Structures are given as C-alpha cells and as structure tokens.
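Some notes on the structure that comes next.
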Amino acid sequence: MNWGKPGLGASIIATVAGQPEKVAIFGYEKGATMDYESLAPARRVMFFLDNETFDNLTPEGLHLFDAAIDWAMAR
C-alpha cells in the first residue's frame, strides 16, 4: 500500500503495519494546517490507493474506504 506524510493538522487514521511513520490514511478538518501555511478549505481525506491496489482491499479495507468518503462528505 502507498503512504504519505501528513501535515501538522492531520488526524492519522491508519499506518502501514509495523511502520508508524508511513501513514496510509489521514484527514484534515476544515481550517486545519496541511502543508506549511496551507489550510484545508474543507474536509480532506488522503487514502493512498490506486487502480491496482483498490481491488485487493479486504472487506475491512472497503469499510475504511467507505467511512473515509462518508467522513469527507460529512454524512
């Protein structure tokens, strides 16, 4: 799975197993600091998948994906 480095205002949801510095899912609330002085204009979620890795998600992974979309859309 791919990963990213969240900004200061991120909420960390999941990391790569055994590698807490590699963040696989994180989000920002509206107004949170993303990179340097950039502020999130609305909720943002980073879920590091691509066309090839999405098909490999487990049922739990699909649940996390759905929950991330719901959260970003504030449902």
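What 222 nm value per residue comes from the helices of the chain, counting each DSSP H run with n ≥ 4 as -39,500 (n - 2.57) and dividing by all residues, nearest 500 deg cm²/dmol?
Computed ellipticity for the chain at 222 nm equals -7000 deg cm²/dmol.
Work out how much length Asn2 to Ala42 would gain on full extension: take 0.36 nm times their residue separation and subtract the Cα-Cα distance, in nm to one decimal.
Value of the extension gain: 12.0 nm.
Where the centre of each part is set by its Cα atoms, how far does the stretch 1-44 sit from the stretch 48-75, in angstrom?
Taking the Cα centre of the stretch 48-75 as reference, the centre of the stretch 1-44 is 15 Å away.
Provide, for q = 0.22 Å⁻¹, the log10 of I(q)/I(0) from a solvent-free Debye sum over equal Cα point scatterers in the chain.
For the requested q values the scattering log ratios are -1.02.
Test of understanding: what is the full-extension gain from Thr15 to Glu52, defined as 0.36 nm times their sequence separation minus their Cα-Cα distance?
Gain in length upon complete extension: 11.4 nm.
Which trypsin sites (Lys or Arg not before Pro) in the stretch 1-72 sit in a loop by DSSP (not H, G, I, E or B) and have at most 16 other Cβ atoms within 10 Å of their own Cβ?
Passing both the DSSP loop test and the Cβ count: Lys30, Arg43.
Quick note: the coordinates plus some simple rules give every number you see, no bench work behind them. No experiment lies behind these values; they were computed from the predicted model shown. Quick reminder, even Gly has a Cβ in these numbers, built from the backbone with ideal geometry, and neighbours come from all protein chains shown.
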